[in-house]
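What follows is a short report on a single structure.
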Amino acid sequence: MTLANLPIGKEAEIKAVGGEGSLRCRFLDMGLIPKTKVKVLKVAPMGDPIQIHLRGYDMTIRKEDAAKIDLV
């Protein structure tokens with residue numbers, strides 16, 4: 001399962017962070033690292049972007065990028 005497929009209100013743990021080069025580094029800099037718990041709070045009406053909560057703060061991420069983050 002990926003972060004893009006996680007239903008609203010559900011929580012899961014990050015298993016692996018994909019992406020290439022600077023995109024992967026940006027994910028890691030934002031705190032999207034393995035073994036971090038993440039919860040989907042909201043999804044925009046058209047499905048993109050999604051709002052997530054992790055490490056005590058909320059952030060939005062594009063669904064295309066969320067699909068590169070694998071969950072347990």
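The values are calculated or read from the model by the stated rules, or taken from the named source; none is laboratory data. Nothing here was measured: the structure is a model prediction, and the numbers come from that model. Remember, those area values only see protein heavy atoms, side chains included, never the ligands or the DNA or RNA. Shrake-Rupley method; radii C 1.70, N 1.55, O 1.52, S 1.80 Å.
Couple of notes before you dig in:
- Using the rule -39500 (n - 2.57) for each DSSP H run of four or more residues, divided by the residues of the chain, the 222 nm mean residue ellipticity is -4000 deg cm²/dmol.
- Computed in the context of the full set of protein chains, the accessible area of the chain at 1.4 Å probe radius has 53% of its extent on carbon or sulfur.
- Per residue value of the accessible surface for the range 1-65 (all protein chains in place, 1.4 Å probe), Å²: 63 Å²
- Phi-based couplings in Hz for the range 54-63 (Karplus 6.51, -1.76, 1.60; Gly and Pro marked x): 8, 6, x, 9, 9, 8, 10, 9, 5, 4
- Listed values [x] 14, 29, 28, 13, 12, 4, 1; [y] 18, 50, 27, 5; [z] 22, 62, 16, 0, entry calculated as P(r) over Cα pairs in 10 Å bins from 0, in percent: [z]
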